[in-house]
Amino acid sequence: MRYYIHVSNHGFEPNQVLGVWEIGDTMAKRIDVTDSDHNRFPAMLGRTALETLRFSNPGTTFDELELEPGEYYPGMARPILGESQGRNRDHSVEALGHRASASGQLHALIQQLEQICRVVHPRGETNFKAYGHEIRNVLILACTELESQWKAILGAHNARADNTTHYVKLCAAMKLTEYAVEFPYYPWMPERRPFAGWQHGTKDLPWYGAYNDVKHNRDSNFPQASLDNAFEALTAFFIMLCAQYGWDFALTGDAAARAFFRLKASPQWSPSEYYVPAYGGMLRERIYSFPP
């Protein structure tokens, strides 16, 4: 059996989900409603069940789901059909503990960066080039936390996680380049997209390269511990948590307007990429197939 999502491709609501189907060669059954004969469609003579549905529903598409109902990728938030714009399906005590720990570290670093910005006003090219020990600490700790998140997610999928040539594989899987963040505390600051252009490891992330340089040779590379790089690294850390925990983590509405970080843009997922409810079954982890 294969599973398909039925989507409208015209009218006032394109991409409106119309149903979820279990489809074999000779029979199709809609599974997101109460089971009855009215929701079962045998194949027409000379057609498969899928061809029959497509023929009988012009102006719509039946797209095969990437994941079966109830399946999810550990550590990766995606929209859940009928429930959320994006959420992590793992609500185990262990997963909630990891989230609480990472969230606590994020807020501790935000407080440190806020304090720095009371001394070095985050406006103007000169100020963003400012560097110092406290700024270096934020840069190093934010990147250390990022590495921890990257390793944990890749490890959950039995993938190597030794360096950025491995970490970069998360970029496409979690659509990290599509995230943009703005700063309600500093409305003059442009949005930041710290993962923009990430394709080939460290060289595509100047702020991460700065972290490595400063960590290994502070005396020679101290100027790279800049306020700009600290903002980039901490924004990247925030994005990684959003990419793991979705809109359950990222604030919205008035709460977001009062927060240090606010998501301005987030990934656009096609309905075929959604997490779909288990419909009476069990939730199950699925290992993501990263490219070699």
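The values are calculated or read from the model by the stated rules, or taken from the named source; none is laboratory data. What you are looking at is a predicted structure, and each value in this text was computed from that prediction instead of being measured. All Cβ positions, even for glycine, are placed from backbone atoms using ideal geometry, and neighbour counts span all protein chains on display. Heavy atoms of the whole protein, side chains included, go into the accessibility calculation; ligands, DNA and RNA do not. Shrake-Rupley method; radii C 1.70, N 1.55, O 1.52, S 1.80 Å.
Points to keep in mind about this one:
- Pair His10, Thr144: separation of 7 Å Cα→Cβ label points (nm): 5.9 nm
- Under 17 Å of direct C-alpha separation, and excluding same-chain neighbours fewer than eight residues apart, Lys29 reaches these aspartates and glutamates: Asp37, Glu51, Asp63, Glu64, Glu68.
- The 3J(HN,Hα) values that the Karplus relation (6.51, -1.76, 1.60; θ = phi - 60°) gives for the stretch 164-169 are, in residue order, 5, 5, 9, 4, 4, 5 Hz. Gly and Pro appear as x.
- Dipole in debye (nearest 20) - the chain, about Cα centre, beta carbon charges: Lys, Arg +1; Asp, Glu -1: 440 debye
- Surface composition of the chain: carbon and sulfur atoms hold 49% of the protein heavy-atom accessible area at a 1.4 Å probe.
- Long-range HN-HN contacts of Leu18 with modeled amide H, under 5 Å: His6, Val7, Ser8
- Rounded to whole Hz, the Karplus (6.51, -1.76, 1.60) HN-Hα couplings of the stretch 142-153, x for glycine and proline: 5, 5, 4, 5, 4, 4, 4, 5, 4, 5, 5, 5
- Ligands, DNA and RNA are left out, and with a 1.4 angstrom probe the accessible area of the stretch 208-279 is 37 Å² per residue.
- Values (1) 47, 27, 14; (2) 74, 29, 15; (3) 44, 19, 16 are given for comparison; semi-axes √(5λ) of the Cα gyration tensor in Å, derived from the coordinates here, is the one labelled (3).
- The stretch 32-94 and the stretch 250-292: distance between their alpha carbon centers, rounded to Å: 17 Å
- Listed residue (Asn217, Ile287, Tyr73) projecting farthest to the positive dipole end of the chain, Cβ model: Asn217
- Anisotropy class of the stretch 160-276 from Cα gyration tensor, a/c 1.5 cut: oblate
- Approximate spin-label separation Asn137-Thr165, in nm, with each point projected 7 Å along Cα-to-Cβ: 3.5 nm
- Accessible surface of His10 - all protein chains present, 1.4 Å probe, nearest 10 Å²: 110 Å²
- Stretching the chain fully between Thr34 and Ser220 yields a gain of 60.2 nm (0.36 nm per residue, less the alpha carbon separation).
- Cross-link partners of Lys169 among lysines, defined as those whose alpha carbon lies under 22 angstrom from its own and excluding same-chain residues fewer than eight positions apart: Lys151, Lys203.
- Per-residue ellipticity at 222 nm from helix content only, as computed over the chain with -39500 (n - 2.57) for each DSSP H run of at least four residues, stands at -11500 deg cm²/dmol.
- Available extension along the chain between Ala265 and Lys203 is 19.9 nm, counting 0.36 nm per residue and deducting the alpha carbon span.
- At most 14 other Cβ within 10 Å, DSSP loop - trypsin sites (Lys or Arg not before Pro), the stretch 79-136: Arg118, Arg123, Lys129
- Between 0 and 90°, nearest 10: helix 227-245 axis offset from the chain longest Cα axis: 20 degrees
- For the stretch 192-234: rounded, prolate or oblate by the Cα gyration tensor [a/c cutoff 1.5]: oblate
- Difference of contour (0.36 nm per residue) and Cα-Cα distance, Val93 to Glu125: 7.1 nm
- Probing with 1.4 Å while keeping every protein chain in the model, the per residue accessible area of the stretch 139-205 equals 42 Å².
- Those aspartates and glutamates that a straight Cα-Cα span of less than 16 Å connects to Lys264, excepting residues fewer than 8 apart in one chain: Glu178, Glu182, Glu191, Glu232, Asp248, Asp254
- ³J(HN,Hα) computed for each position of the stretch 202-218 - Karplus, 6.51 cos²θ - 1.76 cosθ + 1.60, integer Hz, glycine/proline x: 5, 5, 8, 10, x, 5, 6, x, 4, 4, 5, 5, 5, 5, 8, 8, 4
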